[in-house]
Amino acid sequence: MRSELDTAERDTPERATLFVDNIGGIDEAEVSFRQGVTVLSGRNATNRTSLLQAIMAALGSDQVSLKADAQEGEAKLEFGDERYRRSLERRNGTIVTDGEPYLEDPELADLFAFLLESNEARRAVARGDDLRELIMRPVDTDAIKAEIEQCEQRKRQIDEQLEELDDLEGRLPDLEAKRTRLNDEIETLRAELEDAQAELEETNVDVEERREERSELETKLEEVRETRSELERVRDRIETERESIDALEAEREDVEERLESLSTGDETEISRLEAEIDTLQSEKAELSEEISQLQSTIQFNEQLLDEQESILPDDDSDDGPVTDQLLADDETVTCWTCGSSVDREQIETTIEQLRTARQERLEERSELSAELDERRETLSTINENRTEYRQTQRRLESIDDEIERREERVEELIDEREELTDEIDDLEDEIDDLETEDEDYSGVLDQHKEVNQLEFELERKERELEEIESEIDSIEDRLDEREGLKARRDEVTDELTDLRTRIDQIEADAVDAFNEHMENLLEVLGYGNLDRIWIDRTTREVREGRRKVSRSSFDLKIVRSTDDGAAYEDTIDHLSESEREVTGLVFALAGYLVHDVYETVPFMLLDSLEAIDSERIAKLIEYFESYVPYLVVALLDEDAQAVDVEHDVVSEIGSPTTP
């Protein structure tokens, strides 16, 4: 883990300077930071949280507030040779942001690097929220599933190609045996043809006297041979056309079955789904707006608690005694909007109620998203089926046209075959008549017929051998592709395995990281009878829309021991506030490391650690410092004095000092 951070540090500038204007409770400030630990030291309401918010703003977070009496504000960050800027403007009661911050997408940083009191990762542990959902939120599981489907399709295509090669390889023995048989038959025919030709040459016939008859007979014999050859070609073409028709009819059956299996849905169902999708989108948008408003209200109240002094008159104003009186009362908070005093406990209760309401809305939005995804998936499937149905229907029509065309061609070839057969019969009758006219020449004619027949048969066999050898060569060429296909399948299989296990691996890494760091910190911090805190990764059935699916669950386990050493299982509700805060921070650290947040944002911000005692805060900072390039921590003066690691101190906003 440390080696990864070392790489990040080498690429991270050594210093950063922040310029702030009207952020939180700050009018104007300039603060410089060095790599390592920077402590913002001071008492409550000294704009430490506002400075952290300014850093968040410059880095890209939207979880920041504009100064209550300002219409616009700005945070700028000089980081090495780069400059980053974020502006805030109040428009119609909402804060609008602009500029070019450090991060394009602040989600990871908001969850696992900006660890203010309201940070979701810290609060998730204390509230017993779904830890698995939070740690996996930045993971685009839909994109991973899409990649899995693409890989599976590529693998199926390769498997089909390999199966085809196996079938082709299975045909080779029969083809090679047929080639051997044809070679033997050709050799025999050649020998028979040589003997027949020799016998014909040895026959002594008066050539001059029989020239005219011989010439006519030889012509007829040549015509018979050519006609027989043409007849054989026609027969082969008929057989080829019929084989093509059989293949097309088989394909037509498959296409018809596929056509019957496709459901295209009617227009009413499609209209209903589209209307439901529009409704769900509107409901989701309304929930998102409500969640945003709740978050803004929560941040306002938190700012009211943390930065109340910043919105009161300055100490050197004429209202000094009144200010002193207000600051002296730690149990009440003065609202800057109406001037009334409200119990701090009442505001804290309101904040907790708002957080609960926000969490409920988040869960409602998650359920709506699942239903929306389900409707979109159903509509997408129907549209895909309709497209495939039309394509399949066109293919069926094309097959029918092709079958009809080939059947017409077969009929034409049959007519041609019958004409050639009749022509051969007529030629043979003429030859028989010529043989009858001259018995002395009949033997020679028989020999001519035999030679012609042998030549025709030899030519047919040689043509058949040529076709078989061509097919064998083609199969052997195809088989040469097998090793490449196998290598591609192995690559796709490895990729598929990686994709299928990626989500599981992230979950496992998060659990391992939390358990390891929790064990280490419990040992370092020494929480009395608290023996162990760990996450147990289990599987449970949850509802997504109308379906039940199995999903991983992170169950937080706690074991304590009694004074006499007996161990027993406890719950998060029984942890002290200090123990809960440490557990939440460790969970955030686990997310920070698992998602490699230090590679995208070099800052981690810590605030509201007052529930933890000074000595443990110091040890916690020392532990976190080894994983973070820039660690900025807001502490009370007495807690800051206990920090042992080398660090810078900012005691007044805009004036960094180094101890």
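The values are calculated or read from the model by the stated rules, or taken from the named source; none is laboratory data. Just so it is clear, the structure is predicted and the values come from calculations on it, not from any experiment. We place every Cβ from the backbone using ideal geometry, glycine too, and count neighbours over all the protein chains shown.
Tabulated values for the structure
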| read-out | value |
| --- | --- |
| Selected residue [in contact with a strand residue (DSSP E or B) (Cβ under 9 Å, 6 or more places away or on another chain) and part of a loop (DSSP other than H, G, I, E, B)] from Y102, Y84 | Y102 |
| For A70: the one exception among (1) under 29 Å from L40 (Cα atoms); (2) surrounded by fewer than 18 Cβ atoms within 10 Å (Cβ to Cβ); (3) without any contact (Cβ under 8 Å) to a residue 24 or more places away in the chain | (3) |
| Single unsatisfied condition, D531 versus (1) within 25 Å of the chain's Cα centre (by Cα); (2) without any contact (Cβ under 8 Å) to a residue 40 or more places away in the chain | (1) |
| All positions within segment 109-131 that are crowded, with 20+ Cβ neighbours inside 10 Å and part of a helix (DSSP H, G or I) | A109, D110, L111, F112, E120, A121, R122, A124, V125, L131 |
| Criterion violated by Q153 - all others in (1) under 30 Å from Q359 (Cα atoms); (2) exposed (fewer than 14 other Cβ atoms within 10 Å of the Cβ) satisfied | (1) |
| Identity of the residue in segment 132-157, in a loop (DSSP other than H, G, I, E, B) and out of contact with any Phe, Trp or Tyr (no Cβ under 9 Å at 6 or more places or on another chain), that ends up farthest from L52 (Cα to Cα) | D140 |
| Residues located in segment 66-79, provided they are over 11 Å from P101 (Cα atoms) and within 35 Å of the chain's Cα centre (by Cα) | F79 |
| Long-range neighbours under 9 Å by Cβ, at least six apart or interchain, first residue over 14 Å from E519 (Cα atoms) within segment 576-592, second among the aromatic types (F, W, Y) and modelled with pLDDT under 90 | S576/Y527; S578/Y527; G591/F514; Y592/Y598 |
| Test result for T334, surrounded by fewer than 16 Cβ atoms within 10 Å (Cβ to Cβ), hydroxyl-bearing (S, T, Y) and either farther than 30 Å from E374 by Cα or modelled with pLDDT of 70 or more (or both) | no |
| Where a residue in segment 503-522 is farther than 20 Å from E579 by Cβ and its partner, wherever it lies, is of a type in the set (K, R) and surrounded by fewer than 19 Cβ atoms within 10 Å (Cβ to Cβ), with Cβ under 9 Å and at least six apart | E507/R537; A508/R537; A510/R537 |
| When residues of segment 513-531 are limited to those that are under 18 Å from I572 (Cα atoms) and polar (S, T, N, Q), the one modelled with the lowest pLDDT | N529 |
| Qualifying strands (runs of 3 or more DSSP E) (wholly inside segment 552-659; at least 3 residues being buried (at least 17 other Cβ atoms within 10 Å of the Cβ) and more than 35 Å from the chain's Cα centre (by Cα)) | 630-635, 647-652 |
| Selection within segment 33-67 - among the charged types (D, E, K, R) and either buried (at least 21 other Cβ atoms within 10 Å of the Cβ) or not assigned by TED's automatic domain parsing to the domain that holds Y630 (or both) | R48, K67 |
| Test for E212: is it at pLDDT below 75 and either assigned to a helix (DSSP H, G or I) or surrounded by 15 or more Cβ atoms within 10 Å (Cβ to Cβ) (or both) | yes |
| Condition check for T378: closer than 18 Å to D266 by Cβ, surrounded by 15 or more Cβ atoms within 10 Å (Cβ to Cβ) and among the hydroxyl-bearing types (S, T, Y) | yes |
